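Remarks on the structure that follows.
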Amino acid sequence: ENNNLVVADARNGWFGWMPQWLTQWSPVSQAKLIEAEDALLKNVNASMKKKYVSISNGNKLWTLSANSDTTDKVPIVMLHGFGSGIGLWALNIAALSKVRPLHCFDLLGFGQSSRPKFSTTPEVAEKEFI
């Protein structure tokens, strides 16, 4: 029995591979975020490059690339949903990057990407996010 894993069942919705400390992460804890992502990615059997990419208004997107030296194939770009980050692609990265370059990034305001203060006007916030 592994006491570091959350049991997967219909009551909690977590998968068995999800470390229990991930459920204790706080959105104000950059150190815990880095620790959580590193733990999720540590067993990925692929060569990965992680870096920040500068975008508009001084913001940065946290990115992960695998098999990025392959230039003769169309790359796969992975976008996570709201409330997520690139670490949750851990079970997909190795398989998807075997034959094509793979690029994942944390959306603006999520994961390790910048946390800008978005406008409260929906149209302006949408343009800022895009």
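The values are calculated or read from the model by the stated rules, or taken from the named source; none is laboratory data. The structure displayed is predicted, hence computed values, not measured ones. Cβ sites come from the backbone with ideal geometry, for glycine too, and all protein chains shown count toward neighbours. When the accessible area is computed, the model is the full protein with side chains, heavy atoms only, and any ligands, DNA or RNA have been set aside. Shrake-Rupley method; radii C 1.70, N 1.55, O 1.52, S 1.80 Å.
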- Task: Heavy atoms only, probe 1.4 Å: what % of the accessible area of region 23-91 goes to carbon and sulfur, would you let me know?
- Result: 55
- Message: Rolling a 1.4 Å sphere over the protein heavy atoms, what is the accessible area per residue of region 64-130, to the nearest Å²?
- Response: 60
- Item | Restraint check, LYS32/LYS117; LYS32/LYS73; LYS98/LYS127, Cα-Cα greater than 31 Å | LYS32/LYS73; LYS98/LYS127
- Ordered by number, the chymotrypsin sites (Phe, Trp or Tyr not before Pro) in region 69-130 that occupy a DSSP loop and have at most 10 other Cβ atoms within 10 Å are PHE82
